[in-house]
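The values are calculated or read from the model by the stated rules, or taken from the named source; none is laboratory data. These figures come from a predicted structure and were not determined experimentally. Cβ: placed from backbone, ideal geometry, glycine included. Neighbour counts: every protein chain shown.
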Amino acid sequence: MTSAKRTTSRPKPKGTGGLTQLLLLGSMLATLAGTYMLARQDQGARAATTAQTTHTLYVPAVGSVGGVNLALQPVPTLVPASQRVRPVARTRSSR
Amino acid sequence: MSPADPASWPELHFRAMGCAMSVRLVARIEAAQAPLRAIATLFAAVEKRLSRFDPASELSTLNRRSGEWVVVSPLLWSVADAALAANEQTDGLFDPTLLAELEAAGYDRSFDQVAATQPLAAETRLPLDTRARNVERRSGRELRLPPGVRLDLGGIAKGYTAAKAVDALRHWGPCLVDAGGDLVAGDAPPGWPGWPVGVAAPADAGASQETAERDLLLLWLANASVATSGVDYRHWARGGCRLHHIIDPRTGQPAQTDLRTATVLDPSAVRAEAWATAALALGAAAAEQAWLRKRIAGVLVDDAGLRVTPALQPLIAWQAPETLAQPTRL
């Protein structure tokens, strides 16, 4: 059994160097802008929340029920008092 | 156009079951009046049948006839059934058969009137942990309480009625029923993720009811219930001891608890009430483990701060900054 190997040589694009460089630059600028915005958001979030990261809590086994790993998300974002939605009702011990 | 403030919708306030109640309905004021008044009537009707303080109520009649088979109304049947189911779901930690023990602790009249009365002797005749399981039911809505055992359906009846009220009000629009601090919500108000409801900080000792309340958290509540049990408000003194209304079914005495309040959010108002009460009996550490295992969405509050379960976190709109300096999560 013979096999034929086909080789193709792709012609080198001509006159696109400027466009490639422009695209690369644009992509780099977009990345930098995105990083900057994320950093700003993160800063803002850190100012408004306590710095807490996700962590896992192990709840030990009881009887025949096996242990459970719980992934805990960060505490919800704090909202400045002036921007908080006001409650229309309140849960509390009966009164 | 921003959605209307949920606080702007019509609301009716009234007292029933020894508590301050309110009902809010997203509807024009003219359209809301009749359904809101109907809900006040519903609470009054349920109280008349299920009050343990009224000797003429159907519940009091059933309690007087413990040991006998008694045909009960559909309402009493349903609420008793819900309370006994809650007993099973909480492995006996919520127990509706502890009325004798509650009265022995001094809570033998409406809370406004609990004064310097002497404790009565409890009339326990069955081991505490088997009591609820010995309540018998058979077809024809017949109930038989074990001899000497009496039911207290207070908290469960409130949640049950609030849930029925929401079922009825759904036809008119989104609604929120506040049954003395236990809340049941229908659909969210238009343009909102839910009804914004606060989880109140425990009442400070000696503070009057008029003192402005502080919220620990704000939750979005829609098509769900949230109930809080606590030893922060309904408490009294006997012989130098501070007593309260949460009886530990394992001892028959007011629970020796390090918790001040426990709040549960659940699709079922009865389940929310039962698990909030069970937490008080368990105490902070054991309640924490039980809630995590059962995936309960709730908040435990003790003197050290508050603990929020993972299941509740997606529903929190904001948390008061001062609570974050303390242990905050389970």
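Among the residues of segment B:1-35, how many are more than 9 Å from chain A (Cβ to nearest Cβ) and of a type in the set (Lys, Arg)? Counting residues in segment B:1-35 that are more than 9 Å from chain A (Cβ to nearest Cβ) and of a type in the set (Lys, Arg) gives 2. B:Gly180 meets all of the listed conditions (1) surrounded by 15 or more Cβ atoms within 10 Å (Cβ to Cβ); (2) touching a Gly at 6+ places or on another chain (Cβ under 7 Å) but one, namely (2).
The set of residues in segment B:283-302 being surrounded by fewer than 24 Cβ atoms within 10 Å (Cβ to Cβ) and either in a helix (DSSP H, G or I) or without any contact (Cβ under 8 Å) to a residue 12 or more places away in the chain (or both) consists of B:Ala284, B:Ala285, B:Ala286, B:Glu288, B:Gln289, B:Ala290, B:Leu292, B:Arg293, B:Lys294. For segment B:55-86, a tally of residues being over 17 Å from B:Leu98 (Cβ atoms) and either of a type outside the set (D, E, K, R) or touching a helix residue (DSSP H, G or I) at 6+ places or on another chain (Cβ under 6 Å) (or both) returns 16. Of the residues B:Ser51, B:Ser73, the single one that is more than 30 Å from B:Ala286 (Cα to Cα) and touching a Ser or Thr at 6+ places or on another chain (Cβ under 9 Å) is B:Ser51.
Mind listing just one residue for me: the one in segment B:242-272 that is in contact with a Gly (Cβ under 7 Å, 6 or more places away or on another chain) and among the hydroxyl-bearing types (Ser, Thr, Tyr) and, of those, farthest from B:Asp303 (Cα to Cα)? Filtering segment B:242-272 for residues that are in contact with a Gly (Cβ under 7 Å, 6 or more places away or on another chain) and among the hydroxyl-bearing types (Ser, Thr, Tyr), the one farthest from B:Asp303 (Cα to Cα) comes out as B:Thr263.
The criterion of being under 25 Å from B:Ala262 (Cβ atoms) and modelled with pLDDT under 95 does not hold for B:Asp81. Among the residues in segment B:24-35, are any at pLDDT 95 or above, in contact with an Asp or Glu (Cβ under 9 Å, 6 or more places away or on another chain), more than 30 Å from B:Thr257 (Cα to Cα) and surrounded by fewer than 16 Cβ atoms within 10 Å (Cβ to Cβ)? Among the residues of segment B:24-35, not one is at pLDDT 95 or above, in contact with an Asp or Glu (Cβ under 9 Å, 6 or more places away or on another chain), more than 30 Å from B:Thr257 (Cα to Cα) and surrounded by fewer than 16 Cβ atoms within 10 Å (Cβ to Cβ), which makes the answer no.
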